[in-house]
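The structure appears right after this line, and notes come after that.
Computed from the coordinates by the stated procedures, all read-outs in this text should not be read as laboratory data. No experiment lies behind these values; they were computed from the predicted model shown. For neighbour counting, all protein chains shown are included, and Cβ atoms are generated from backbone atoms with ideal geometry for every residue, glycine included.
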Amino acid sequence: MLSDLADKNDYTYLDAVGAGLDAEMDRDPDVFLIGEDVGQFGGAFKVTKGFLDKYGPKRVVDTPIAETGVTGLAAGAALVGLKPVVEFQFADFISCAFDPIINVLSRHHWRTGDAMPVTMRAPFGARLSAGPTHSQSVESYFAHVPGIKIVMPGLPEDVAPLLIASIRDKNPVLFLENKYLYRRLHGQGKVDLEPAELGKAKVVREGTDVTLVTYSAGVHQGLEVAEELAKDGISVEVIDLRTVVPLDIDTVVESVKKTSRAVILHEAIVHLGMGAEISSQIQEKAFWYLDQPVKRVGALNIPVPSSPPLEQAMIPQPEEIAAALKEVARA
Amino acid sequence: MSDEINVVTMPKLGETVTEGTIGSWLKNVGDTVEFDDPLFEVSTDKVDSEIPSPYDGVILEILVPAGETVPVGTEVVKIGAPGASLDSAPASPAAAPAAEAAPAAAAPAPAAGGSGFAGAVHDLTMPKLGETVAEGTIGAWLKNAGDSIEFDDPLLEVSTDKVDSEIPSPYDGVLLEILVPAGETVPIGTVIARIGEPGAEGAAAAAPAAAPSAPAATGAAPAAGDGKPAAAGGAGVMLSPLVRRLAAEHNLDVSQISGTGAGGRVRREDVEQAIASGGAKAAPAAAAPAAAAAAPAAKPAAAAAPAASGGFVATQVPGTNDPRDRTEKLSRMRQAVGNGMLNSRALAPQVWASIEVDYENIENVRKKYKNEFRAQTGAGLSYLVFIARAVCEILHKYPAVNSSLDWEAKTQTFHPYVNLGIAVDMDEQGLVVPVINDADQLNLRGIATQIKAKAGLARGKKLGADQMRGSTFTITNPGPVESYASSPIINQPNSGILCTDGVHRKPVAVGDTIAIHHIGIIGLVYDHRSFDGVTTGKFLLDLRNVLQDRDWEAELGL
């Protein structure tokens, strides 16, 4: 990854993750990588290929399969002034590290006033037939815990700026990468390495009839569906939240006040997902602007099936998203 | 209490509903009813509803038969206490101490009248004086317990965080008991007093135990409501929050908007279309601002009014599309004049007042001296010259008339000098208002020459912008085209504009004889924020008297 990017004008989502890590390690000697297979193997998805050679074993640390210990070690390193970037091979495995994340990382600053600059990267999501323990969307577990920022880029060009901002943040950030997007999405030109501001949503398509609030892979589904619906005369405004914590509800509310209708889309399970919170805040802040109930589109309330057709049936599909948008915009 | 009698009134089933028709009675006289039992059906022009009983008890009398239409608030049925029988009559509420001996029930109501009847005791509740008002403070009781009161008599003063109001009595009768003393704050709907029928004595013991609060006392909540919110477009219609808000802001009757959504639902786009086309205006009752001292029933309308007018946006009404029409771009001057007019109308509440002036005295002076005056000054001795002179003098007596408002800064600036604006016609292409600075320091000759000079500059388009700025008061003079009485628009930032209309020969009474005099109307359009009608009246009267009585010959200085 490291050498590949230099002379290319096209990069993948995956390239952008690597470029962001590389740039920040290059810039700041306190930044180091830690996780299973991040060194020798170059990462489960090859994000960190070449990093061991470039930065050496003190800054690219392979660990045993022990997420609790890895995360605890990162917390300790952060306490002595380093800026660890933990990689979870699959976001599903993060539940092993639940205790240090919740009870150590998330509240350290609240307890002591001190910084806790740990970044946790985790590939998540379905569509790869990886089954119930390698396909989950985990943002809602952590969104309920104060003290953890949750960054979920959808567009390749946002990946590196948001990752760099996450590493520089003085407190824990969970950086969730939709692995389905890794090699399917391409950005043009050189990777932007200027940090973005966390907590700022982006209107990625303007529209007048209905607002689609989404993030991560939903951005691409949403943009494709919006393009289709435009042919039927339905104008969809698509908002990429980019970070679900902090939630940029102002951008959402401003859009809903304009369109008077909202649909929330995410790959995570609808039940108690981010859509519930966003929908609730919309009605609290823009009730008198609503022409339709806010609708949520997301996964069914079941574990992700291994069977490809069942998996597709579980997670939101373009037809379902289009139908929801059409209903809300037209009924 | 065994002699308790409750009265159910025609409920208000929507903001703009003023009457209702009894569709059918679901209970008969003598029937026992329980709280929430359907009592009768009501049809309004918006909605049909079953009205549940607000009381447990026995139907004593049906006052309005099925098929009849009566105003909201009309008493339609009397309900006695549970177990009451029909044929027995209590003497009056004052007879209560003996009630356990007397069979419980009510006397038949007087056949006519409908205001009060033997035994009726009304609960008066804290009225809802605004949409968002949750409680009210009793400022003062204007009647004492035992006082006789008539419908609409001021009964008490209520302060809320929005408004202070006098609450008139909704009943004829006697104030039996004051339950909440002055100074106390209670939630909306709290029973604050009891009112007995006319002639009843003020015995607290006579009051029935607290019944569900009397709807007629507030006029806001529908009596025995069915739980559905009263929508801007009428109860029973499913409207989205956005549609409700837009309809309220634009004073639209949603029932007149055809919906394009599922099942005919009115969508955002339908309302926007209605707003753009200026259609579907609600009945005036919904928007009419109620006077401050209006009866309680008018309160909901008063509360709704600001919202209804607050969001109003004027929209262009499409004109004809006739090939014979000729459409031209507006000239810069037309636009400037138009913008000035729009701005003034939007800024100031403008009121016109007028007075008739006998110019005979002035006419005699004019006739005698106008040639000599013109020869000496080059200016005509028009009526306007005399009026301008008199106005400059009188404005010193009425500083408010010669003032400028800054409403945002909440200030009023008084000018101890008169910079007099004179509206000048620009060959029917527009108006300009040259200003005569310190016009109050000029005598008749000075004013006459200044008017001529400024008008000449204006018509020659030689006026500088600074010569059209700084007026403190303005005169417009349609008199030469023989107008009768005109109502101009104030030249901002003035507080008034004087209009001198045509002078005509008219028969007038002089003493006990009829003479022919030169008579004309002078009008003042004034900014009612700056001062009030009395000031205007006095100002115009002084102006008339000076014009009529002044020794103008001496003032001419010829």
Quiz item: Under a straight-distance cross-link criterion of Cα-Cα below 17 Å, which aspartates and glutamates are reachable from A:Lys202, leaving out those fewer than 8 residues away in the same chain?
Solution: A:Glu157, A:Asp158, A:Asp192, A:Glu194, A:Glu224, A:Glu237, A:Asp240, A:Asp248, A:Asp250, A:Glu254
Practice problem: Taking amide H positions as placed in the peptide plane 1.01 Å from N, state which residues far from A:Asn178 in sequence (5 or more) or on other chains have amide H under 5 Å from it. | Solution: A:Phe124
Quiz item: What is the sum of charges around A:Asp114, taking Lys and Arg as +1, Asp and Glu as -1, for the other residues whose C-beta is under 12 Å from the C-beta of A:Asp114?
Solution: +3
Quiz item: When DSSP beta bridges are limited to those with both residues in segment A:202-330, what percentage is antiparallel, rounded to the nearest 5?
Solution: 20 percent
Practice problem: Within the set of other residues whose C-beta is less than 11 Å from the C-beta of B:Pro480, count the net charge using Lys and Arg as +1 and Asp and Glu as -1. | Solution: -3
Quiz item: Most exposed first by the Cβ proxy, i.e. fewest other Cβ within 10 Å, how do A:Tyr182, A:Tyr13 rank?
Solution: A:Tyr182, A:Tyr13
Quiz item: Using Cα pairs under 8 angstrom and six or more residues apart, how large is the relative contact order of chain A, in percent?
Solution: 16 percent
Quiz item: Nearest 20 debye, what's the magnitude of the dipole of segment B:336-556 about its Cα centre given +1 on Lys and Arg Cβ and -1 on Asp and Glu Cβ?
Solution: 500 debye
Self-check item: Pairs beyond 24 Å (Cα-Cα), from A:Lys49/A:Lys190; A:Lys54/A:Lys190; B:Lys12/B:Lys143; A:Lys258/B:Lys329; A:Lys49/A:Lys149
Solution: B:Lys12/B:Lys143; A:Lys258/B:Lys329; A:Lys49/A:Lys149
Self-check item: Anchor A:Lys231: lysines whose Cα lies under 19 Å away (excluding residues fewer than 8 positions away in-chain)
Solution: A:Lys326
Quiz item: Restricting to segment A:10-188, what percent of DSSP beta bridges are antiparallel, rounded to 5?
Solution: 15 percent
Self-check item: Dipole of the protein assembly as shown, positive end: most advanced residue of A:Phe175, B:Val158, B:Leu252 [Cβ charges, Cα centre]
Solution: A:Phe175
Practice problem: Please report, in debye to the nearest 20, how large the charge dipole of segment B:451-521 is about its Cα centre when each Lys and Arg carries +1 at its beta carbon and each Asp and Glu carries -1 there. | Solution: 440 debye
Exercise. Restricting to the protein assembly as shown, compute how many DSSP beta bridges are antiparallel as a %, nearest 5.
Key: 70 percent
